[in-house]
Structure formats: C-alpha cells, structure tokens
1. Under 1.5 on a/c is rounded, so check that first for segment A:1-128, then, if it is not, pick prolate when a/b is larger than b/c and oblate when it is not; a ≥ b ≥ c are the square roots of the alpha carbon gyration tensor eigenvalues.
2. By how many nm would the segment from B:L241 to B:V112 grow when fully extended, if each residue of separation counts as 0.36 nm and the alpha-carbon distance is taken off?
3. How would you classify segment B:137-179 from its alpha-carbon gyration tensor, with a ≥ b ≥ c the square roots of the eigenvalues: rounded for a/c under 1.5, else prolate if a/b is greater than b/c, otherwise oblate?
4. GNM, chain A, Cα, under 10 Å: largest mean-square fluctuation among A:S155, A:S204, A:S64?
5. Contour minus end-to-end for B:M305 and B:V105, with contour as 0.36 nm per residue of separation and end-to-end as the Cα-Cα distance?
6. If amide hydrogens are placed 1.01 Å from N in the peptide plane, which non-local residues have theirs closer than 5 Å to the one on A:D27?
7. In whole Hz, with x marking every Gly and Pro, tabulate ³J(HN,Hα) for segment A:63-72 from phi via Karplus 6.51 cos²θ - 1.76 cosθ + 1.60, θ = phi - 60°.
8. Given H placed on each backbone N at 1.01 Å, which residues far from A:R89 in sequence or on other chains put an amide H within less than 5 Å of it?
Amino acid sequence: MSGPPTNTIALELTNIGKAFGGLLAVDGVSLAMRPGERRAILGPNGAGKTTLFSLISGEQPVTSGRIHLFGHDVTRTSAHRRAALGLARTYQITNLFPRLTALDNCLLAVQALSRTKFHLHRPLTGYAGHFVRARAVLDSVGLAVKEGEQVRNLSHGEQRQLEIALALAGSPRLLLLDEPTAGLSPAESQLMVGLLQRLDPAISILIIEHDMDVAFEVTDRITVLHYGRVVADGLAADVKTNPLVQEIYLGAAEP
Amino acid sequence: METFIRRAPRAAALVAAVLLLALPPFVSSFMLSLMTQALVWAMLAMSLDLLLGYIGLASLGHAAYLALGAYSVGILTTRHGADFWTSLAVGIAVAALGAAVFGLVALRATGVYFLMITLALGMTVWGLANRWVSLTSGDNGIAGVPRPRGLPWDVSGALPFYYLVLVAFAVAFVVLWTVVHSPFGKTLVGIRESESRMRTLGYHVWLHKYIAFVIAGAAGGFAGVFWGYYNGFVSPADAELATSVEILLMVALGGRGTLFGPVLGAFVIVLLRNVVSIYTHRWLLILGAVYIGTIVYAPEGIIGMARDWLKARARAPLRPAPSP
Ligand SMILES: Nc1ncnc2c1ncn2[C@@H]1O[C@H](COP(=O)(O)OP(=O)(O)OP(=O)(O)O)[C@@H](O)[C@H]1O
Ligand SMILES: [Mg+2]
C-alpha cells in the first residue's frame, strides 16, 4: 500500500452514522483533517466520541456515510488494513497485553506491520532490529526501565503511557487518542501533555479529551459532539466561547 | 535465587530427558508400553496447547486429528502395504487438511461457541469412522496394522519402537518450541491477551488463528500416525469425545501455555488411567474429578503450581531483615 502525496487529506468523514438498535450513537458526522493537524473532540459522557473512533479504526462498521483515509475509501475496509495505511489508536479503557512484559507489548506493536509477523521458523530473539525499535518506543514514553515488568504490574499511569507507545510503534500518520489522561493525576497529565507535544508534527492527531486544558494545550482545532452530532467545530478560541458549548460541555463535564 | 528459579525448570527437563533416554531398557514391558503411550499423548497434548494455552481457544475436537492420522496409517498399511514415510506424510497431510476445513467453520466463534463447534466437528469424524464402513470397517476397526516398515532399523521390537516414538516426540517438541518462540508464536499470545488490540495494531487476527489451528491439526495427525502403529489397531474409539476430553485435561492439568506442562499432564494421566483401571471402571468419573480439582486448586496446572512454589521459596530467605 503506497502512500499518496502528503498534501492529501489525512482523514475525511462524510456524514457517517452508527445506530445501536434505535440509538443513534453517531449521527451524521462530517469532518476533515489535513496532515499534521491536531484536533480535539469534546463532548459529554455518552456523546458518541469513542464510538466515532471505533468507526474510524474499523472496529465497528458504519451504518451510513463514507470514510476516507489518506485518499483511500476505507468505509468497508477491515481494521488491520486501516492500520497498515498508517492509522493507530489508543483506548479509553486501557487495552494492552496484561500478562506480557512491557517490552513484549512493544515488540508485538513493532512487528504488526512487518512481514516477519508470519515467521515461525526461528526464535523472535533473533530479530535484533525489532528489539532496537521496541526499546526506542518504550524509551520515548519513559518506560525503558520497566521493559521486563509484566504489564498488569505496572501503575495506571505507566499503562496509559504504554498505550501511547503501542500506538506509536508502527510510525502512524494518523493517531486517535481516546482520553489519554483518563485517571491520571495532574502531574501525570502534564507529563502526558509534554509527551504529546513532542510528537513528530507530521502526525495528525485526533484526541478525545475531557480535560479542556489538556485539549487546548495539545490541539488547535476543536470538534464538539453532543448526542452523536457535531454541535461546534472550529479554532479552539472560538469554540471555547461558543455559548452552546459552554452550556452543554461545562454543564455535563468534569471539574 | 533468581538463577535458581531459572535453573530449576531446566534441570528438571534435563533429568526427564535423561530418564526418557536411559530408563527404558531396564523397565518392565508394561512400563515400557506406558511410556510409549505417554509420549504419543504428550505430542497430542502439546499440539492442543498451541490452541488452548497460546491462543486461549479450548477445543473439544482434538481427537479428530489423532483419528485422521491413525486411520491413514491403518488404511494405507493394511490395504496398500504402505511404508513408514508414506504413512507419515499422508497422515500429517490428511490431518492438516481436516484442520484446514474445520478451521473455516470453528474459527468463526470464540469461547464456549468454539468449544461446541469443535465438539460437533470431532463427533463428525467419529460418526464417519463408524458409518463409512467401506473405508474404515466401522465398529470393527482396522486390525493388523504392522510395525513401521522402510526405516533403516528394524523397529518391530517394543524397545526400538519406543525409541522411534521418542525421536518423533523430540521432533514434535523442537518444531512446536520453535513455533511458539517465533515472531508468529508471539502473535498467538497477543491474541490471547487482547484480540481487539491486535486488530488495531494491524494483525489479521483470524489468519493467525487459522494458521495455528492447521499446525495444531497437523501435529495431532503426526501423533496419530504413531498411535496407529503403536496399537496395531485403529477404531472409532480413537475419535471419541472422551479422547478429546482427555487430551484437554492433560493440557490443563500439566499447565497450559508451556510446552512442558502438557507433556507432564500426559504422563500423569496415562499412568493414572492404568493404575485406576486396576481398581475401578469409573475412569471418566475420576477424570472429571481431576478436571474439577485442577480448575479449582491449580488453574495454571502442575507447572503453574511449581512456578509459584519456586517463587515463594526464592522470596522466603528475604523475609527476615538482613542484619548488618
Ligand atoms: N456496543 C454498543 N452497543 C450499544 N450501545 C452502545 C455501544 N457502544 C456504545 N453505545 C452507546 O452509544 C452511546 C455513545 O457511547 P460512547 O462510548 O461512544 O460515548 P463517549 O462519548 O465515548 O462517552 P464517554 O465520555 O463516557 O467515554 C452511549 O449511549 C452508549 O451507551
Ligand atoms: Mg468514550
């Protein structure tokens, strides 16, 4: 899968929807992101933010609309193929390989887009390149010293960092981050913000964030979802002062 | 102490290997036949462990591959005078083909549904063994399977045959060890731990499961070939549900997710079965009790218990605060 020219749109959602029975969790969302764009998605609990991510990542099929990723129509494309196009995501509820070590977690992420994942004739320990890359990824989120630790024994904060590490391992061009600071202390949140700000500016980032301050620090554009619909979309400063947003968001949101 | 934890399993494996190599000339013929049987079951249990221990899929149809391998030997040797290598190649191929077909059906499901579907597929093979009389001789089974022909040595005696099975076991062990330690093997554990994460990382999860399913089937067929030769007789009993249950129990009892566990489980169950049968016919009842006992008291099997014990031992000397 060859990459299209870098000036094409990274992600384009055209009127996508997702119904769970009678419930429209995502209701006609349209959105476009250019390469390198940093955008936050805000919205109260149950607004459909996580569902929107699952539609983009291909874990759930849309019930209507179309999705384009780097110029490819991926509306019916499976999740692993979308990953191969340069898409990566993290999870709101930590989703790692709990009984494997931090290093093994990263190794799995590193080899995910390589043909070597089908090699079964020699031990993984022989693939020095994968180890170098996995350790570099661990190091980039500050977990180098924990490489031999089983992930279920890591602290919540460390697990959230590993979430990011796994997503970064495949050198994605579009990163979906679902509440990376969920459950973190203010100090840990600040570390996470620093980590996100240091990422390669060429990577487009779509981030769901309940903490407005984090959202404004990491992104320049904001999309607000409410009952599955986009109710505001624009530059951070404009959206912040939007009365509808203040009413919905500050009414239902966190401290 | 760290090194003790790491060395203990290796030392145990070494002792076991030496015993398997050196003991047989000195044991009774009954004991020798038990050891031969146990090695065949150990191969079956290891192959099932690829699914149960590594991917986390409990299959209740693994006897199907044992039967496919064994029937291949039975039919080829008694009706076509096939030699060892032909029987072996066909036995593996037929079992792999069976798994390739069954996998298409079974891998649509997970958990209990996977268990039910593999059970049904296993019963299908059992049904065929019973009903396709022209091929399988039905209930009567196929008798008179000769000892392997076409090998450089004569393996008609019980002792040389034991060593043939030991070599086969070593081959199966090395092959499966390589697979589970390979990059591909790591993906199986990843699928066990989180299928959804594997998918979004870029893995075609179904394909990895399918490849492992076929490998497990082929390895089961490999064991089946030696089972056919060992018994000299093949019958629908080889494909029975009880047989699948036994293989599953061997893996669970020994410790899934390690290759040593299933081997240990196979030896324990084979010995137990033969000791128990002296006293009672209620083998299945006892098997059930062992299964429940394993789930309740040792969910990670004997190997898991040993591992915990070693860790506790390693920690124990640290408890009293070191005085200057
Ligand atoms: N698999 C599902 N089946 C049925 N309903 C679902 C499913 N997933 C989500 N929903 C519903 O869809 C709506 C949107 O859920 P979603 O998780 O996308 O919200 P969210 O914006 O991420 O909320 P939060 O801020 O709490 O994470 C909710 O009403 C939820 O109950
Ligand atoms: Mg959510």
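1. Prolate is the answer for segment A:1-128, as a/c is 1.5 or above and a/b outweighs b/c.
2. 44.8 nm
3. Since a/c reaches 1.5 but b/c is at least a/b, the shape of segment B:137-179 is classed as oblate.
4. Of A:S155, A:S204, A:S64, the Gaussian network model singles out A:S155 as fluctuating most.
5. 68.5 nm
6. Those qualifying (amide H under 5 Å, at least 5 residues apart or on another chain) are A:K18, A:R229.
7. 9, 7, x, 10, 10, 10, 10, 6, x, 9
8. It is A:L176, by chain and number.
Coordinate-derived values only; no laboratory data. Just so it is clear, the structure is predicted and the values come from calculations on it, not from any experiment. Note: ideal-geometry Cβ built from the backbone for every residue, glycine included; neighbour counts use all protein chains shown.
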